[in-house]
1. Can you confirm whether the stretch 127-138 contains a residue that is surrounded by fewer than 23 Cβ atoms within 10 Å (Cβ to Cβ), under 14 Å from Leu185 (Cα atoms) and aliphatic (A, V, I, L, M)?
2. Assess whether Val98 counts as being under 23 Å from Thr227 (Cβ atoms) and either at pLDDT 95 or above or not aromatic (Phe, Trp, Tyr) (or both).
3. Mind checking which residues of the stretch 35-54 are assigned to a loop (DSSP other than H, G, I, E, B), among the hydrophobic types (A, V, I, L, M, F, W, C), crowded, with 20+ Cβ neighbours inside 10 Å and more than 7 Å from ligand 1 (Cβ to nearest atom)?
4. Could you look through the stretch 55-71, keep only residues that are assigned to a loop (DSSP other than H, G, I, E, B) and farther than 14 Å from Ala205 by Cβ, and pick out the one that is nearest to ligand 2 (Cβ to nearest atom)?
5. Are any of the residues in the stretch 77-94 at negative phi, in a loop (DSSP other than H, G, I, E, B) and at pLDDT below 90?
Amino acid sequence: MAELRKTLASIVSLTVLFILISSTVSPRASAPQTVACPKLERDVTIDGKWTSAQEWTDASEFPLTFMEGTGEAYFSMKHDSNDFYVLVDFVSRTKTEVGDDALVVLDTQNDGGKEIKDDDLALLIRWNTPAVSMGAMQWGGWTGQDWQLLPSGGFEAKSSIEAENDPHSTAPHEIYEFRIPKATLKTPTSGLWVGIGGGEAGYFALYPPADISSPDNWGQLEFSGKTLAELTATVTSASTSSLSSTPPQTSMTQTATTSQGSGFSISSIPGFPVEAIFIGLVSGLVALTLTRRRSGR
Ligand SMILES: [Ca+2]
Ligand SMILES: [Ca+2]
């Protein structure tokens, strides 16, 4: 509860920060990227690690783009008839610090827009101590409350640094796993945004690398009836496929890109640690929406 109070107490001041950050983010130049989520071949165990070396090799994988700091991190996704699964594998994060976190944001009605709306959902795993992470929290589906611990309805989220089965690296590092019930998503296609943030020195990495305050810029998540192997074959045989933005699983050896000078200039704002900025981004979205609701706008 202390952590929850701390987050809530930060909302007002961080709203200002959020506005400042928003003003520094360049608009996305191209249309949102469509990303196909393959049907799973192997079940997921939400334990915050690669339960086996094959647990996530049937998932689509994408590097996160570092807007602040450098590193190597990926997110992977797949689905079955009931759930959407996300892995965030922060390969280079071998030193865990308080405040490190991973966030999955969904536009559940895919109505986009230039600002966050009631249906937009965020799930967070945050490290409360260097050794203990706390479960998922959510906001969205507006009933007036802010973050909650472990929302009901089948959500699951865990993190660990146990990497003995991780094909990227077996050196201990931060790994996050999420289960999100598909019933949460109200349309066949949903806006999607994934990110990590934290660290004393500061890091902030995203997919897609866009302004998160505007759902228009989020990726477009589509659940496919095909497995990853089938999707990859489709891409290979049809270069004009809409799946062309989905990298093949060879991305397992791909390194995350860095994106300094992309227009996202957190470092231009003095006096705020990036950890606070990351939480502030989310808190700012909450506060802005609450302010508008209270003022009737
Ligand atoms: Ca697992
Ligand atoms: Ca929405």
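The values are calculated or read from the model by the stated rules, or taken from the named source; none is laboratory data. A quick note: this is a predicted structure, and the numbers were derived from the prediction, not measured. Virtual Cβ from ideal backbone geometry, glycine too; neighbours counted across all protein chains shown.
1. Checked against the condition, which is being surrounded by fewer than 23 Cβ atoms within 10 Å (Cβ to Cβ), under 14 Å from Leu185 (Cα atoms) and aliphatic (A, V, I, L, M), the stretch 127-138 yields no hits at all.
2. No; evaluated as a whole, the condition is false for this residue.
3. Residue satisfying the conditions is Leu40 alone.
4. Ala59
5. No, that holds for no residue.
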